[in-house]
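Comments concern the structure below.
Read-outs: derived from the displayed coordinates by stated rules, not from any lab. Fair warning: this is a prediction, and the values are worked out from it, not measured in the lab. Every residue, glycine as well, gets a Cβ built from its backbone with ideal geometry; the counts of neighbours run over all protein chains shown.
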Amino acid sequence: MGKKNLDWGNLPFGYMKTDKRFVANYKNGKWDNGKLTKDDKVCITECAGVLQYAQTCFEGLKAYTTQDGRIVTFRPDLNAERMESSCKRLEMPVFPKERFVQACLDVIKANKDWVPPYGSGATLYLRPYMFGSDAVIGVKPSQEYQFRILVTPVGPYFKGGVKPITVRLSDLDRAAPHGTGDIKAGLNYAMSLHNIVDAHNNGFAENMYTDPATHTYIEETGGANILFVTKDGKLVTPKSDSILPSITRRSLVQVAKDYLNMEVEERKINKSELADFAECGLCGTAAVISPIGKINDHGKEIIYNDGKDEMGPVLNKLRDTLTGIQMGTIKAPEGWIYEIK
Ligand code: PLP
Ligand code: COI
């Protein structure tokens, strides 16, 4: 079998059923061996912990075709570590790191015909996730869990690819002080749905959240961390205990310092500083780097990159360097790239 016959250059960021997915079950205190299966259906009791009390967390990473035709993935070990934090915080069993990484490699290999070709602008998105699968009615953790990894080919997260988007400063919160903003719990996304629908209805691509305790400092959007570039070319990114520790952001900080000789500041960013920056963007697995052209602060517009309809030069350089590392045209730091053989 060869590559699937898809219109790779025009894929949305959406779900498509692919050939195989990975499934493992946790019962009586241990994980089974797990397997790849064609069956895309999940069969659980009506009273499952995930259905009653949202006991679920997930991850997101991608597989790429390199310029020389290899299939690779990017830092799956960090997804395993972050999922471990999510599981511990949600009283779920940890799926061991080595097994997590191996399952990612196996599921990519089993779906290699779905990995978009180099240069198409599309990638294979992997969604590892876990949920409580046995019946609970009192508020307590499940005893049984399922860990799965599905894959689906995707195009850009925001329509228009790298065209600047407009976001609004949000009045609602995605995280609570000392809550679960720093883990990838499904509940964080459930509670953002009303706000994202409202943002879209009002012409905004995303909500930019501020710190939930004081609404003073910039945090992140519903699905990505935030990057700023100062007028003198420094990379500045918010530091907060209630944002997700983005693997893309942590990688970009290293790329900025080691590949582009940039100064980097990870610190609290007061919303009063927003107008001082030259460029702004989102970063994440789905978002890669997506430029923000405007932030709407209750009717007041803050404009980046002089209002041009394109990504600013510094974010563009960062994006090209990161995607070059991911797609094999730039040498990666040791341990970042895993090849699927
Ligand atoms: N912040 C949130 C809320 C997210 O959902 C994501 C996506 O995973 C990110 C940030 C970016 O994280 P990463 O770069 O690890 O994909
Ligand atoms: C990702 O970037 O992997 C995410 O999980 C973000 C989500 C909003 C698609």
Over 20 Å between alpha carbons, listed pairs Lys159/Lys234; Lys3/Lys341; Lys27/Lys140; Lys41/Lys88; Lys62/Lys331; Lys159/Lys184: Lys159/Lys234; Lys41/Lys88; Lys159/Lys184
Residue-by-residue Karplus 3J(HN,Hα) for segment 35-51, coefficients 6.51, -1.76, 1.60, Hz, glycine and proline x: 7, 8, 9, 7, 6, 8, 8, 10, 10, 9, 5, 4, 9, 4, x, 5, 7
Calculated from backbone phi, Karplus (6.51, -1.76, 1.60) coupling profile of segment 166-181 in Hz, x at Gly/Pro: 10, 10, 10, 6, 8, 8, 8, 10, 9, 9, 9, x, 6, x, 10, x
Over the chain: Rg over Rh, Cα atoms, Kirkwood Rh: 0.96
Folded to 0 to 90 degrees: helix 76-89 orientation relative to the chain principal axis, Cα: 80 degrees
Helix-only CD estimate at 222 nm, as mean residue ellipticity for the chain, using -39500 (n - 2.57) per DSSP H run (n ≥ 4): -6500 deg cm²/dmol
Karplus-derived HN-Hα couplings along segment 254-259 (A = 6.51, B = -1.76, C = 1.60, θ = phi - 60°), whole Hz, x at Gly and Pro: 5, 4, 4, 6, 8, 9
Model label zone, Lys17; criterion: amide N under 17 Å from point 7 Å along Cα-to-beta-carbon; scope segment 122-156: 149-153
Helix 313-326 axis, angle to the chain major axis (alpha carbon atoms, nearest 10°): 20 degrees
Unit charges at the beta carbon, dipole of the chain: most positive-side option, Tyr15, Ile289, Val236: Tyr15
